[in-house]
1. Can you sort 193, 114, 174, 179 so the residue with the fewest Cβ neighbours within 10 Å comes first?
2. Relative contact order, percent, of segment 121-240 when contacts are C-alpha pairs under 8 Å separated by at least 6 residues?
3. Over the Cα atoms of segment 95-158, what is the Rg over Rh ratio if Rh follows Kirkwood?
4. Calculate, axis by axis, the spread of Cα positions in segment 121-240 along the three principal axes, and write the results as whole Å, longest axis first.
């Protein structure tokens, strides 16, 4: 007879899985799958939220950057316009100031020139008046000084001619013991050309000699006056009706 194989009894029996065990295992597996799915969904949601937050932050930063860029462009545009307007105002002010300065300078020069012209006319008339008085105011007691005064206020050909006739004239005045005194009654500038002018002078003359006092006389003279440096001199004398 054949021998039966020996079996080893370990004292433990391996039981086969029952239907309930299989069903419980499947349910547990499903639960695990659900948990994993929920975990994945939660992870996906968290990751999605994180991405959404990142996108929102990026969008906010982009919006802020765009706003700052727009503000910078506006500030540059309007700031440039403001600077341009200020520069234009400064240029306009400088032009106005320069124009006013030029106008003031021109008016000042005109006033100065007018004053100088008037001063020269007054000088011509005053010289002619004094020349007429010198020619008609002569005393035999002071005839030398009187004649020299006439020469000192003369110039040109008139001066030379009077100097040549001075000696005979002095002798006549002394011999007649003549005295005369002239008084200007009117004088005015007749014409002016450059540094010379003609002045009309009306003068009343009182005279006396050794024979007695003579009747007063009125003379009219056209006296030509010439500028000599800063002064004026008599250059010619003509008696007119």
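Each reported figure results from applying straightforward, stated rules to the coordinates on display, with no laboratory input. All of these numbers come straight from a predicted model, not from anything done at the bench. Reconstructed Cβ throughout: ideal geometry from the backbone, glycine too, with neighbour counts over all protein chains shown.
1. 193, 114, 174, 179
2. Taking the mean separation of contacting Cα pairs over the length of segment 121-240, I get 29 percent.
3. Ratio of gyration radius to Kirkwood radius for segment 95-158: 1.41.
4. That works out to 46, 28, 20 Å along the principal axes.
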